[in-house]
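Asks: Dropping the structure in here first, questions after.
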Amino acid sequence: MSIQTQNLSVGAVVIGRNEGQRLVRCLESLVGTANVAYVDSGSTDGSVKAAQALGASVVELDMQQPFTAARARNAGFGCLLEKYPDIEFVQFVDGDCEVVDGWIENAGAFLQHNPDYAVVCGRRRERYPEASLFNQLCDIEWDTPIGDALACGGDALIRVSAIREVGGYRDAMIAGEEPEMCFRLRHAGWKIFRLDAEMTRHDAAMTHLSQWWKRNKRAGHAYAESFDLHHSTAEKFRLREVLSILFWAAGLPIAILLMTVVVSAYFLLLLAIYPVQAFRLFMTYREQLSKPRQAMIYALSNVFGKFAQLSGVMSFYVKKRLKRQSHIIEYK
């Protein structure tokens with residue numbers, strides 16, 4: 001029998017590797033609320049035993065095959081349906097997150113009363129935003145607009161029938177699998193909503209510039225792959241993001257360099273467009289964020305993160321050209 005939460009038949013898929021106490025906290029936040037499937041991708045820290053001790057069904061991925069979070073989510077979803085075929089909704093959550101009390105009940109009630117919605121998400125917050133600038137950036141990024149949305153992140157409550165209809169996540173995607181599935185859901189007639197409610201606490205544990213770079217590289221790869229998959233659709237999914245990366249991180253600096261070499265060294269002054277763009281974004285974000293410091297670091301990250309994202313775009317297209325398998329880009 002599946003767990004009933006206020007007349008909801010709910011499951012949860014948790015994915016992780018070597019998350020330690022973060023995983024324990026995640027699983028404890030779900031105990032008694034949902035039937036839990038934990039998908040482990042080669043942990044060496046006792047995560048499997050910890051999950052079993054807390055009553056979760058455990059799926060250990062075959063690490064001889066390329067690992068992706070999408071593949072892990074699908075494996076957990078399959079496990080849940082096999083054991084609890086009557087579940088209606090599944091909460092997907094990363095193992096470094098804790099689900100807030102009451103979230104699943106609120107989100108489930110929304111889906112019950114709004115049958116045309118497939119996905120509902122809420123506010124994901126960083127557990128330790130003060131630990132580093134990079135954690136603060138994550139906390140700002142998670143705060144997306146309330147209401148109808150184009151996509152969700154890794155944490156969301158999703159209708160089982162909708163996932164089945166579109167075939168789940170795309171196993172081979174190394175990043176961006178959630179927005180890509182949401183794209184297919186929307187084109188199948190489903191809707192996505194973000195509630196004005198607390199959903200999860202996340203622990204990014206990002207303390208180094210190299211982690212920030214890898215995370216942005218992963219985003220660039222996701223944009224490029226998503227656009228490559230759906231470039232022929234009317235929406236031109238992710239075209240805007242890819243063009244922005246190519247303009248700011250490749251087209252503009254190359255043009256400035258060529259004009260500097262061919263015409264005059266004074267053209268180097270055009271590089272001032274980058275701090276000008278950062279200031280323009282700062283003024284925009286200052287109206288949205290409570291602290292000017294947050295607005296400034298977010299603006300700078302968005303401008304100079306384009307160069308890290310370009311490395312992800314180029315990585316995708318080079319590997320596609322060479323017909324090589326892309327491998328997951330981990331920042332921690």
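Asks: Using amide H atoms built 1.01 Å from N in the peptide plane, name the residues 5+ places from residue 100, or on other chains, whose amide H lies under 5 Å from its own.
Replies: 200, 201
Asks: Measure nothing but the geometry: give the 0 to 90° angle between the long axis through the Cα atoms of 273-286 and the longest principal axis through the Cα atoms of the chain, rounded to 10°.
Replies: 40
Asks: Based on the inverse mean of 1/r over its pairs of different Cα atoms, what is the Kirkwood hydrodynamic radius of the stretch 184-326, in Å?
Replies: 17.8
Asks: Related question: For residue 266 and residue 113, compute 0.36 nm times the residue count separating them, minus their Cα-Cα distance, and round to one decimal in nm.
Replies: 48.9 nm
Asks: Given 83/332; 214/323; 83/214, which pairs have Cα atoms separated by over 27 Å?
Replies: Beyond 27 Å between Cα atoms: 83/332; 83/214.
Asks: Counting pairs of alpha carbon atoms under 8 Å apart in space and at least six apart in sequence, what relative contact order in percent does the stretch 144-221 give?
Replies: Computed over the stretch 144-221, the figure is 40 percent.
Asks: Let me ask you something else. Distance between Cα centroids, the stretch 300-331 to the stretch 202-271: provide it in whole Å.
Replies: 9
Asks: Sequence gap at least 6, Cα distance under 8 Å: using those rules, report the relative contact order of the chain to the nearest whole percent.
Replies: 17
Asks: Roughly speaking, what % of Cα-Cα pairs in the stretch 4-207 are separated by over 22 Å, rounded to a whole number?
Replies: Value for the stretch 4-207 (Cα pairs over 22 Å): 45 percent.
Asks: Now for a separate question. How far is helix 103-113 tilted, in degrees, relative to the longest principal axis of the Cα atoms in the chain, given as a value from 0 to 90 rounded to the nearest 10?
Replies: The angle comes out at about 80 degrees.
Asks: Taking only Cα atoms, what is the 0 to 90° angle, nearest 10, from helix 69-83's long axis to the longest principal axis of the chain?
Replies: The angle comes out at about 10 degrees.
Asks: Now for a different question. Using a Gaussian network for the chain with springs between C-alpha atoms less than 10 Å apart, which of these wobbles most: 250, 37, 222?
Replies: 250
Asks: On to the next question. Around residue 59, which amide H atoms from residues at least 5 apart in sequence, or from another chain, sit under 5 Å from its own amide H, with H modelled in the peptide plane?
Replies: 38, 39, 40
Asks: Further question: Say the cut-off is 18 Å between C-alpha atoms; which of 217/291; 217/320; 217/306 go over it?
Replies: 217/291
Asks: Would you kindly derive the ³J(HN,Hα) couplings of the stretch 47-64 from the backbone phi angles with the Karplus curve 6.51 cos²θ - 1.76 cosθ + 1.60 (θ = phi - 60°), listing them in order in whole Hz, with x for Gly and Pro?
Replies: Calculated HN-Hα couplings, in order: 4, 4, 5, 5, 5, 5, 5, 8, x, 7, 6, 10, 10, 9, 5, 6, 7, 6 Hz.
Asks: Just to confirm my understanding: which cysteines in the chain have no other cysteine beta carbon less than 4.7 Å from their beta carbon?
Replies: Here 26, 79, 97, 138, 182 come out as lacking a disulfide-compatible partner, given the Cβ-Cβ threshold of under 4.7 Å.
Asks: Here's something else I'd like to know. Please identify every one of the GluC sites (Glu not before Pro) in the stretch 218-272 that sits in a loop by DSSP and has no more than 13 other beta carbons within 10 Å of its own beta carbon.
Replies: Numbers: sites: 225, 235, 241; in loops: 235.
Within the stretch 218-272, the qualifying GluC sites (Glu not before Pro) (loop, at most 13 other Cβ atoms within 10 Å) are 235.
Asks: Relative contact order for the stretch 228-322 using alpha-carbon pairs under 8 Å, separation at least 6, rounded to a whole percent?
Replies: So the answer I get is 27 percent.
Asks: Right, another one. Taking θ = phi - 60°, what integer Hz values does the Karplus form 6.51 cos²θ - 1.76 cosθ + 1.60 yield along the stretch 219-225, in sequence order, with x for Gly and Pro?
Replies: Those phi angles translate into 4, x, 4, 5, 4, 5, 5 Hz.
Laboratory data are not the source of any read-out in this text; all were calculated from the coordinates shown. Just so you know, these numbers come straight off a predicted model, no measurement behind them. Cβ sites come from the backbone with ideal geometry, for glycine too, and all protein chains shown count toward neighbours.
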